[in-house]
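Peer 1: Sharing a structure with you now.
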Amino acid sequence: MPSWIKLVRRADVTRTTVIAVTAASFIFAFLLASIIFFWQGINPVAAYHDIFISAFGSLRGLYFTTLKAIPLLLCAVGLILVFKANVWNIGAEGQLLLGAVAAGWVALYALPNAPSFVVIPVMFILGAVAGAAWAAIPGFLKGKFNVNEIIVTLMMNYIAYKIVEYLIYGPWRGAGSWGYPITDEFPETAQLPLIPGTSIHYPTLVLAILSSLAMYFLLSRTKFGFEVKAVGYNVEAARYAGISFFKVCFVTMLISGALAGIAGVGEVAGLHHRLIYPWSISSGYGFSAIIVAWLARLHPIAAIFMSFLLGGLFVGGYAIQVSMGLSYSVIHLFNGLILICLIASEILLNYQIVLPRGELKWQRLKS
Amino acid sequence: MLKLKLIEKEKSPKIEIGKARLLVEMRNIVKKFYRVVANDGISLSIYPGQIHALLGENGAGKSTLMNILYGVYRPDEGEIYVSGRKVSIKSPKDAMRLGIGMVHQHPRLVEALSVAENISLSLTDVGVFASPRVIKPRIMELARKYGMKVNPDAKIWQLSYSERQRVELLRVLMQNAKVLILDEPTTMLTSSEKKELFSMLRKMASEGKAVIFITHKLEEALSVSDIITVLRKGRVAAQVAPEEVTVEELARLMLGYEMISTVKREPHRYDGVVLKVENLHVLGDAGVPMVKGVSFEVRQGEIFTICGVAGNGQRELVEAITGLRKVARGKVFFLGRDVTNTSPRLLADMGVAHIPEDRIHVGIVPDMSVAENLALKKYRSPEFSTRFTVMYDKIYEWARSLIKQYSIIAPSEKIPAKHLSGGNIQRLILAREFSGEPRLMVAVNPTYGLDVAATNFILSKLLEAKKRGVAVLMISEDLEQALKVSDKIAVMYEGQLKGIFPVEEADIREIELMMVGVK
């Protein structure tokens, strides 16, 4: 770093600082992406305009954005909890898929003839249990034996992909699927109701919003929330205060996995109505939710807005694919850039850049 | 403010002190860290051949001022003159070029490298890759001259704290520094090591070097220096010669108020046994035995202090007693109940309080609020919680009263605890631990690094607790303090207790020898 740049520790980090730094890093990521657009011979201003209008500029765009925001929010809320405890669950993707598998089993094999008011709650409950069970393995290993949870959760994603693949190629392949690797369509009783005129499966949307409110309450008001914060900020002090690391690590993982599992139920019972190729079910929501959680700076209410923002970016990505002939992977590039900028901006939350001469002037003005 | 005097000293007769010989002059130095004014117009004159003590409480601005002189910080206002020439010191490199060297409180050395390699790293005239062989003779020569015992081939990780400090000192001397700044050099030294250091400094001064000695210990300032500059709240409170002031006067200058000498041991009247440790064996982090068969008892109303050089098993012993570490063999009894390998939570609820050694990393959660930290062990009690929720309003109210009662300086109970100063963090921990109305208080170096006011406060609270019948187990590296407040003293060396004395029978010399394993 050149010697004329100085980093000075901020006296206190205000909410305004957090918002400003987050917004700045978001914008900075867009500026970086502009270089790619230029390189592809596309006017970045036009591209961003298209992205924004297609995602938020029309009711239709908003429906699609909402559809994307639902799983993102559910996964992100769970991730906020584990991240607060300083436990790194990178496996929301796999937990989501396990939730989808559970929903498929309930809809097609366990309760194919039961009425909606039975099937739907059972799907959500078993989906949550399946996601939680998938997360329980790394949670237990981390809590008891301090096994690296990043590696375990990440690797278990691939196992989850393979489980879904096995089912749709093997025992669950649909009778009426013309040989495609998909299951039969869920019976209508197992399809989530939609907001009329849209494809938004509102039970999942309601669950997602409720989960974020509940998470806010959990973190800010409950004994368990207190313990999560203590463990996350200083595990040594928490141990010294008699707070069980195992309990915090294991339970946060269970909750996080359960929420991802619910997201999986929503995707298959609300949108696809069958189990399909695993990547098409999860669409990387489990990974993108990490970005949502960080964009929200681990605040569950802020996550509502951030999931819509990122959901919009997905929709916009599809749109410019069509209108400008860009590859959809541009959106993944966006995601990557945003995450890198967010992580890099972390230092600016605690430190302030000052140029020595500027600092002097600024202080004189103040005094 | 006391009368300002510039004193001419007799101790170094060879050097005549006058304007012409002024080595360093700092004029009207101002340094602000945003809202905090660390230095508020400080002027300081440094003469060759003098040991200049810079005395002040934590936060008085001593280290800031010296970091400015050493080029770590740049002043907002003010000027620095070296040998009569105005200079701008932009980095420690500039400072070294001007003959200013600093020995930091925590030695900044590369652990894996040898003494000679570490020294050669900072020498500009031999180059980074110079063979240590070239500089070894120079190191030995310097060491001989000042009577230091040094092995230039030893790796830093093998050295004790005082040996590391000596390496730093040598490094500065090798750079031909004319001005030596020492930041709180005695904090971690035993009293014999202190004497050794002081005689080295005296020798350096007699050769015409200027020594600046940062300290908050009154006795040291009085015994070692030629002149004392007292800083208080970023300003010069006084400049005096040591023979012209008493300890009490100096304390008043430093604190701005009368030092209350409430810290006095009272005759014990202790009753039942609270803590009983029987033939305890505990393993350290590396799996090697660190506590090897320790047995002792602490009774109600007794302060029992275990003295020893850090790393002789004290940490493992305390962790085993407070439930943070597994006991390998032996037993721990609390109020007659076997509590060997009980969880820290259960022990805390039973009335075992613990002031940990590492305040910031163990004692508090820096990013949680002062109130949450005060409630770190109580948030789950029926007083402050329902079945699932924490009643924050009640915690805030209770925290406000504790903040007042323990004179914790905090603008609000809701600010993160990391914004508090060291002394206030310790008050916070003390407030929390005593609020549980403990039967046993385990305090590890409770006054380490604190200034006089905070030290007195902590000790007086411990003595108050003792009066109420609390059993206090203290771990201390500060023998003088231990002798002042304890009822019984034990010495720990290499995992064993080398003897337990009632304080009346304790002999400081003998104990010091035991601490280093000679006896």
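Bear in mind these aren't lab numbers, they're just calculated from the coordinates by the rules spelled out. Given the structure is predicted, the values throughout are model-derived calculations rather than measurements. A quick note on method: Cβ atoms are made from the backbone with ideal geometry, for glycine too, and the neighbour counts reach across all protein chains shown.
Peer 1: Can you pull out the trypsin sites (Lys or Arg not before Pro) in the range B:132-170 that DSSP calls coil and that have at most 12 other Cβ atoms within 10 Å?
Peer 2: Counting only loop positions with at most 12 other Cβ atoms within 10 Å, the trypsin sites (Lys or Arg not before Pro) in the range B:132-170 are B:LYS149.
Peer 1: I would also like to ask the following. Lys/Arg Cβ at +1, Asp/Glu Cβ at -1, dipole of the protein assembly as shown taken about the Cα centre: which of A:PRO138, B:LEU255, A:GLY225 is farthest positive-ward?
Peer 2: Highest projection toward the positive end goes to B:LEU255.
Peer 1: Work out the FRET efficiency for A:ILE151 and B:ASP393 from their Cβ-Cβ distance, taking R0 = 30 Å, and round it to the nearest 0.05.
Peer 2: That pair, A:ILE151 with B:ASP393, gives E of 0.10.
Peer 1: Additional query: How big is the gap, in Å, between the Cα center of the range B:300-366 and the Cα center of the range B:443-491?
Peer 2: Between the Cα centre of the range B:300-366 and that of the range B:443-491, the gap is 16 Å.
Peer 1: Still on this structure, please answer the following. Could you give each residue of the range A:24-32 its phi-based ³J(HN,Hα) in whole Hz, using Karplus coefficients 6.51, -1.76, 1.60 with θ = phi - 60°, and x for Gly or Pro?
Peer 2: In residue order, the calculated couplings are 5, 6, 4, 5, 4, 4, 5, 4, 4 Hz.
Peer 1: Relative to the present Cα-Cα distance, how much length would full extension add between A:THR189 and A:SER323 at 0.36 nm per residue of separation?
Peer 2: Additional length available on full extension: 44.4 nm.
Peer 1: Another one. Using only the alpha carbon atoms of chain A, find the Kirkwood hydrodynamic radius as the inverse mean reciprocal pair distance, in angstroms to one decimal.
Peer 2: After inverting the mean inverse Cα-Cα distance, the result is 21.8 Å.
Peer 1: For B:LEU450, enumerate residues with amide H under 5 Å from its amide H, sequence gap 5+ or separate chain, H modeled in the peptide plane.
Peer 2: For B:LEU450, whose amide H was placed from the backbone, there are no distant partners under 5 Å.
Peer 1: Among A:ALA69, A:ILE290, A:GLN191, whose Cα lies farthest out toward the positive end of the dipole of the range A:69-295, if unit charges sit on the beta carbon of Lys, Arg (+1) and Asp, Glu (-1)?
Peer 2: Going by the Cα projections, it comes out as A:ILE290.
Peer 1: Quote the charge dipole size of the protein assembly as shown about the Cα centre in Debye, to the nearest 20; the model charges only the Cβ of Lys and Arg (+1) and of Asp and Glu (-1).
Peer 2: 1400
Peer 1: May I pose another question? Through the Karplus equation 6.51 cos²θ - 1.76 cosθ + 1.60, θ set to phi - 60°, convert the phi angles of the range A:39-44 into ³J(HN,Hα) values in whole Hz; use x for Gly and Pro.
Peer 2: In residue order, the calculated couplings are 4, 7, x, 10, 6, x Hz.
Peer 1: What is the calculated FRET efficiency for B:VAL134 to B:TYR81, with r their C-beta to C-beta distance and R₀ = 25 Å, to the nearest 0.05?
Peer 2: So the FRET efficiency works out to roughly 0.10.
Peer 1: Would you check the range A:69-295 for Lys pairs whose C-alpha atoms are within less than 18 Å, ignoring same-chain pairs closer than 8 in sequence, and give me the count?
Peer 2: 9
Peer 1: Have a look at A:ALA269, A:PRO203, B:SER63 and report the one farthest towards the positive end of the charge dipole of the protein assembly as shown, computed about the Cα centre with Cβ charges (Lys/Arg +1, Asp/Glu -1).
Peer 2: B:SER63
Peer 1: So, in nm, how far is label A:TYR277 from label B:ILE360 when the simple model puts each one 7 Å beyond its Cα toward the Cβ?
Peer 2: 5.3
Peer 1: Taking the Cα-to-Cβ direction at B:GLU464 and at B:ARG27 and moving 7 Å from each Cα, how far apart do the two end points lie in nm?
Peer 2: Rounded to a tenth, the inter-label distance reads 4.9 nm.
Peer 1: Right, something else. On a 0 to 90 degree scale, rounded to 10, what angle separates helix A:329-350 from the longest Cα axis of chain A?
Peer 2: 40
Peer 1: So, with +1 on the Cβ of K and R and -1 on the Cβ of D and E, and no other charges, what is the size of the charge dipole of the range B:366-437 about its Cα centre, to the nearest 20 debye?
Peer 2: 40
Peer 1: State the volume of the convex hull built on the alpha-carbon positions of chain B, expressed per residue in Å³ and rounded to an integer.
Peer 2: So the per-residue hull volume is 165 Å³.
Peer 1: Continuing with the same structure: With a Förster radius of 22 Å, plug the Cβ-Cβ distance of A:ALA175 and A:ALA133 into 1/(1 + (r/R0)^6) and report the FRET value to the nearest 0.05.
Peer 2: 0.15
Peer 1: In debye, nearest 20: dipole of the range B:42-174 around its Cα centre with unit charges on the Cβ of K, R (+) and D, E (-)?
Peer 2: 400
Peer 1: Can you tell me what share of the DSSP beta bridges in the protein assembly as shown is antiparallel? A percent to the nearest 5 is fine.
Peer 2: DSSP beta bridges in the protein assembly as shown are roughly 60 percent antiparallel.
Peer 1: Between their Cα atoms, which of B:LYS93/B:LYS136; B:LYS149/B:LYS209; B:LYS378/B:LYS466; B:LYS326/B:LYS404; B:LYS149/B:LYS488; B:LYS276/B:LYS484 are more than 29 Å away from each other?
Peer 2: B:LYS326/B:LYS404; B:LYS149/B:LYS488
Peer 1: Assuming a viscosity of 1.002 mPa s and a temperature of 20 °C, what translational diffusion coefficient in µm² per second does Stokes-Einstein assign to the protein assembly as shown, Rh being the Kirkwood radius over Cα pairs?
Peer 2: 68
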